[in-house]
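The values are calculated or read from the model by the stated rules, or taken from the named source; none is laboratory data. Computed from a predicted model, the values in this text were never measured in an experiment. So basically every Cβ, Gly included, is an ideal-geometry build from the backbone, and we count neighbours across all protein chains shown.
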């Protein structure tokens, strides 16, 4: 038996098995070790798969040796391997962080359950990305969603319960819309395999059930990825969840949903139906602009740092969908690069804020005044992350914005380029709010007694901060993968 | 209901048959309607029935929380273990055909253990949910 | 195409809209979950109905039968039912916890208390 052949299955199975093992051992330390080891193994697997698809190969794996399109197929190509890399990498960094961080946030006897839930959430997210079967996407989506509801509800504040409940209602409506869409597609094509479905849709494309399926899938996935008017669940969920959970979900959950959207648009429906026959690009362009401006503007007036960056996430998702709406290689490249860059930046920010929350006891801006005197490393990291959100040259955020502007200019829409720059100015405003509070105010007497966050929190966060800086300068990996994936989706080149 | 003689005697008589029926549903799943999901729920129903008649404490003694939690985890492990056995025997993940020299027998063997896993997990989950909701608002937290 | 020939679709659409309406219009957390369950149930119908052929039997190959129903939708929906049950259980568990934390399960009251909480946060304590 050769391990290399079975990597696609192991990618999902290793985190999956770690969850019940964590429940069985019932001890926080052992559970932590098992789940962290599993996440690292998953990260290693993702790297191997990413290398394996580097030359444009597609790895197909038949679960249970039932050949596709009859059985469930796991399918890894350049796009999915890139997303797998993001998800498993973020888990591998967040888990060591969570050991110190949940100490204060969750009662000790529940720790093993936290790790089990985290492993299930990771399993679900990896499964969504790797599977080539429409219904399997729904199943994994629910695995990751249900476990993330639980993770959010573990927050200390009682508002975490309500945030989780609202997310549950919105998320279930979204997931059910997705199943309705998949059901209609199944009725029209008689297959659930995405690749097979794409082939068969050519005969029935444009009929009313297919259009209805497209509409249901678009709305359902948009709920999950928090596209602008459907983002209501996101702010509370990110604000009141435990720090490690905020960071992991902000970095991965919405990104995987965007991956599903891209997958359905380009690999199943085909771009000619979605982007040429329907006014979808225009709608998406408008919603993205609304997200970029409205959500950034809302972020400026928040009193809680976590909530501020949650709204900034909605705005950043606007950039990603903006790239999609161009329907060009450059636009798609920008979107996919921003998946990665935003995941790393937001992950770093929420990890650092988690450190501040642990010391100060909350993330409201009034409590954080003078933070830079007491916690210089944490504050400086947040500023660097903020610079990446703005898109200052030298940070990862700049790269994505650069490609977005290129894509806009390619289409001759110079006013869009101006809009992108203008919305970045709004980002300057909300990042400045933190700078003003942390650097130009005196710490309160209570805060002055605190110290810098412990190393267990700082090291993972700073790994992500330095990743943000590194990929702002060295772009061959991120932009290379994204451009490859975009070319593959649009059927250009090999 | 603790002192209702008829109910107590009837329950004692019924519960073995409920469990037997669960086993029938479980093992007949190979050839007719049935399987792990249904069997697991029936097993859980028997315990819940016992709890209704004899009280939750008695049920907790018969099926302790620890056992229930172990069940809910080990069922998943049995399922995943069958999948990994497929790998070890030289097939794909969850490949039943390689589990025996005769592929049809291998299929029987594979689905048998998968259904065992499903039954264990489902009854574990059902009981866990029941215990959790019942104990809310009772023990001073 | 009339209501008569597409009866099941009419029922599906009715359940779908009714469920969604309850989720949106009711403020009680439990009633919302009931609506959500009805909404999910409509999807079960959407999948199962087209899989059934009148006169068709379970697809166990036998010379006596020529017409089989499609078994796949049933399997898919069994999974969806399990997911639905899990969602409902989790939703109810959250409702119980919310009741303990807020002493109410009316959304308006809870949101009003949340506003108070946020106000307290802003004052720094």
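Among the listed residues C:117, C:63, which satisfies the condition of being within 9 Å of chain A (Cβ to nearest Cβ), surrounded by fewer than 16 Cβ atoms within 10 Å (Cβ to Cβ) and more than 26 Å from residue B:135 (Cα to Cα)?
The unique qualifying residue is C:117.
Does residue C:104 meet the test of being assigned to a loop (DSSP other than H, G, I, E, B) and either modelled with pLDDT of 90 or more or under 21 Å from residue A:152 (Cβ atoms) (or both)? Before you say what the answer is, go through the steps one by one.
On the way: assigned to a loop (DSSP other than H, G, I, E, B): yes; either modelled with pLDDT of 90 or more or under 21 Å from residue A:152 (Cβ atoms) (or both): yes.
Taking the combined requirement at face value, the residue satisfies it.
Within the stretch C:97-106, take every residue that is surrounded by 18 or more Cβ atoms within 10 Å (Cβ to Cβ) and touching a residue at least 12 places away in the same chain (Cβ under 8 Å) and give me the one that is farthest from the other protein chains (Cβ to nearest Cβ).
C:105
Being out of contact with any helix residue (DSSP H, G or I) (no Cβ under 8 Å at 6 or more places or on another chain) and either away from chain A (no Cβ under 14 Å) or surrounded by 14 or more Cβ atoms within 10 Å (Cβ to Cβ) (or both), is that true of even one residue in the stretch B:45-54?
Yes, that holds for at least one residue.
Looking at (1) surrounded by fewer than 23 Cβ atoms within 10 Å (Cβ to Cβ); (2) modelled with pLDDT of 90 or more; (3) within 14 Å of chain C (Cβ to nearest Cβ), which is the one condition that is false for residue A:220?
Every listed condition holds for residue A:220 apart from (1).
For residue A:178, only one of the following conditions fails: (1) facing chain C (nearest Cβ under 8 Å); (2) within 20 Å of the chain's Cα centre (by Cα); (3) within 27 Å of residue C:70 (Cα to Cα). What is its number?
Checking residue A:178 against (1) facing chain C (nearest Cβ under 8 Å); (2) within 20 Å of the chain's Cα centre (by Cα); (3) within 27 Å of residue C:70 (Cα to Cα), the one that fails is (1).
Here is a check on your reading of the model: is residue B:72 under 22 Å from residue A:15 (Cα atoms), facing chain A (nearest Cβ under 10 Å) and in a loop (DSSP other than H, G, I, E, B)?
Criteria not met by residue B:72.
Taking the options A:381, A:394, A:412, A:386, name whichever one is touching a residue at least 12 places away in the same chain (Cβ under 8 Å) and more than 22 Å from the chain's Cα centre (by Cα).
It is A:394.
Tell me yes or no: at least one residue of the stretch A:200-209 is within 24 Å of residue A:70 (Cβ to Cβ) and buried (at least 23 other Cβ atoms within 10 Å of the Cβ). Write out each step before concluding.
As a first pass, look at the stretch A:200-209 and keep what is within 24 Å of residue A:70 (Cβ to Cβ): A:200-205, A:209.
Cutting the leftovers down to buried (at least 23 other Cβ atoms within 10 Å of the Cβ) gives us none.
Scanning the stretch A:200-209, I find no residue that is within 24 Å of residue A:70 (Cβ to Cβ) and buried (at least 23 other Cβ atoms within 10 Å of the Cβ), so the answer is no.
Which residues, taken from the stretch C:19-29, are more than 8 Å from chain A (Cβ to nearest Cβ), in contact with a helix residue (DSSP H, G or I) (Cβ under 6 Å, 6 or more places away or on another chain) and part of a helix (DSSP H, G or I)?
Hits for the stretch C:19-29 are C:19, C:22.
Within the stretch A:470-482, identify whether any single residue is surrounded by fewer than 18 Cβ atoms within 10 Å (Cβ to Cβ), assigned by TED's automatic domain parsing to the domain that holds residue A:368 and farther than 30 Å from residue A:267 by Cβ, and answer yes or no.
yes
Inspect the stretch A:18-30 for any residue being without any contact (Cβ under 8 Å) to a residue 60 or more places away in the chain, over 25 Å from the mean Cα position of the chain (by Cα) and either surrounded by 23 or more Cβ atoms within 10 Å (Cβ to Cβ) or within 9 Å of chain B (Cβ to nearest Cβ) (or both) and give the result as yes or no.
Yes, the stretch A:18-30 contains at least one residue that is without any contact (Cβ under 8 Å) to a residue 60 or more places away in the chain, over 25 Å from the mean Cα position of the chain (by Cα) and either surrounded by 23 or more Cβ atoms within 10 Å (Cβ to Cβ) or within 9 Å of chain B (Cβ to nearest Cβ) (or both).
How many residues does the stretch A:50-80 hold that are part of a loop (DSSP other than H, G, I, E, B), surrounded by fewer than 19 Cβ atoms within 10 Å (Cβ to Cβ) and within 14 Å of chain B (Cβ to nearest Cβ)?
Going through the stretch A:50-80 one residue at a time, the tally reaches 4.
Picking from A:243, A:222, which residue would you name as being more than 13 Å from residue A:313 (Cβ to Cβ), in the same structural domain as residue A:152 (by TED's automatic domain parsing) and more than 14 Å from the chain's Cα centre (by Cα)?
Being more than 13 Å from residue A:313 (Cβ to Cβ), in the same structural domain as residue A:152 (by TED's automatic domain parsing) and more than 14 Å from the chain's Cα centre (by Cα) holds for just one of A:243, A:222, which is A:243.
Which members of the stretch A:110-136 meet the condition of being in contact (Cβ under 8 Å) with a residue 40 or more places away in the chain, closer than 25 Å to residue A:77 by Cβ and either over 16 Å from the mean Cα position of the chain (by Cα) or within 12 Å of chain C (Cβ to nearest Cβ) (or both)?
Scanning the stretch A:110-136 gives A:131, A:132, A:133, A:134, A:135, A:136.
Only one of C:88, C:15, C:94, C:36 is away from chain A (no Cβ under 11 Å) and either touching a helix residue (DSSP H, G or I) at 6+ places or on another chain (Cβ under 6 Å) or buried (at least 18 other Cβ atoms within 10 Å of the Cβ) (or both). Can you tell me which?
C:15
Take the residues in the stretch C:2-12 that are assigned to a helix (DSSP H, G or I) and more than 10 Å from chain A (Cβ to nearest Cβ); name whichever of them is farthest from residue A:182 (Cα to Cα).
In the first step, residues of the stretch C:2-12 are kept if they are assigned to a helix (DSSP H, G or I); the result is C:7-12.
Still in the running and more than 10 Å from chain A (Cβ to nearest Cβ): C:7-11.
On the way: C:7: 21, C:8: 18, C:9: 16, C:10: 19, C:11: 19 Å.
This residue is C:7.
Do you know which of the residues in the stretch A:155-172 that are facing chain C (nearest Cβ under 8 Å) and surrounded by fewer than 24 Cβ atoms within 10 Å (Cβ to Cβ) is farthest from residue A:363 (Cα to Cα)?
Among residues in the stretch A:155-172 that are facing chain C (nearest Cβ under 8 Å) and surrounded by fewer than 24 Cβ atoms within 10 Å (Cβ to Cβ), the one farthest from residue A:363 (Cα to Cα) is A:169.
Which residues, taken from the stretch B:76-115, are within 17 Å of the chain's Cα centre (by Cα) and facing another protein chain (nearest Cβ under 8 Å)?
Across the stretch B:76-115, the qualifying residues are B:76, B:77, B:80.
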